1. Scanning the range 178-209 for residues that are of a type outside the set (S, T, Y) and touching an Asp or Glu at 6+ places or on another chain (Cβ under 6 Å), which turns out surrounded by the fewest Cβ atoms within 10 Å (Cβ to Cβ)?
2. Could you grab me the full set of residues in the range 33-52 that are open to solvent by less than 10 Å² (accessible area, probe 1.4 Å) and either more than 16 Å from ligand 3 (Cβ to nearest atom) or touching a Gly at 6+ places or on another chain (Cβ under 8 Å) (or both)?
3. Scan the range 39-63 for residues that are under 18 Å from R165 (Cβ atoms), aliphatic (A, V, I, L, M) and in contact with a helix residue (DSSP H, G or I) (Cβ under 7 Å, 6 or more places away or on another chain) and report the count.
4. Are there helices (runs of 4 or more DSSP H) fully within the range 60-155 with at least 1 residues that are more than 13 Å from ligand 2 (Cβ to nearest atom) and over 14 Å from the mean Cα position of the chain (by Cα)? List them.
5. Which one of A105, A68 is within 12 Å of ligand 1 (Cβ to nearest atom), small (G, A, S) and out of contact with any Asp or Glu (no Cβ under 9 Å at 6 or more places or on another chain)?
6. Among the candidates A30, A68, single out the residue that is away from ligand 3 (no atom under 16 Å from the Cβ) and in contact (Cβ under 8 Å) with a residue 40 or more places away in the chain.
7. Among the residues of the range 74-97 satisfying the criterion of being within 15 Å of ligand 3 (Cβ to nearest atom) and not aromatic (F, W, Y), which is nearest to P22 (Cα to Cα)?
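The values are calculated or read from the model by the stated rules, or taken from the named source; none is laboratory data. Not measured: the values here are computed from a predicted model. Because the Cβ atoms are built from the backbone with ideal geometry, glycine has one as well, and the counts that use them run over all protein chains shown. Surface areas here come from the heavy atoms of the whole protein model, side chains and all, with no ligands, DNA or RNA. Shrake-Rupley method; radii C 1.70, N 1.55, O 1.52, S 1.80 Å.
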Amino acid sequence: MSKDLWTRVDSFFAQSLMPEDPVLQAALQASQDAGLPAINVAPNQGKLLHLMARMAGARRILEIGTLAAYSTIWLARALPAGGSLVTLEADAAHAAVARANIAMAGLQDVVDLREGKALDTLPTLSGPFDFVFIDADKTNNPAYLQWALTLSRPGTTIVFDNVVRNGQVLDPDAEEKVVAVRRLTEILATEPRVSATAVQTVGEKGWDGFILAVVN
Ligand code: SAH
Ligand code: DHB
Ligand code: MG
């Protein structure tokens, strides 16, 4: 069992279920050309987010951590006519690439990109959102959970990315962005407003996982 094999299995399914998409490919190319890190979700994960948003019947989506808007495009495409997505990005260079990619995808009227640290822009938003994807600076995940709850309604779906990190989550002495997952998990365990689970993933992005939660 190796990353090479996981990647080939990802490709096997991607070829049939996620056929080449010129817009998403161009978005990744623009991200790479601009020197942004390749830490976007994988295609099958992007489609998973897309499907989850559709399953949830989401009309208003909040994303924390835009990067080049790869996950943003997958999520925005799940919206029905009249739906909207707010995405928060702190890095001006990332936001510039994201804005261009959102326009290239024809989603400029659907996606509202707010540039700035999420803890500064979150207080300016009004809820409720139906679906929240949290994928920014991991140490702030406990604070982002509180904001997601403030901006939610019963039934809102909340998804956190990168909660396994090659199994490092087991190590209480791991780096801060990993230990923050342990803290988030403790908070979720005792937070009466949500019900949560965690799912490990393997594939072209290595071994990682999502925490999935629904607001009670
Ligand atoms: N969701 C994207 C990947 C996001 S990578 C995708 O899958 O395609 C994480 C992003 O969070 C980076 O672009 C980083 O600049 C941004 N970020 C980091 N700290 C932040 C903060 N405090 N507020 C908003 N965005 C932040
Ligand atoms: C990192 C962040 C991500 O959102 C991701 O998907 C992978 C890695 C990081 O900060 O290292
Ligand atoms: Mg991520």
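1. In this case the residue turns out to be E204.
2. Within the range 33-52, A42 is the sole residue that qualifies.
3. Number satisfying all stated conditions: 2.
4. 92-104, 118-121, 141-150
5. A68
6. A30
7. Here the residue is L75.
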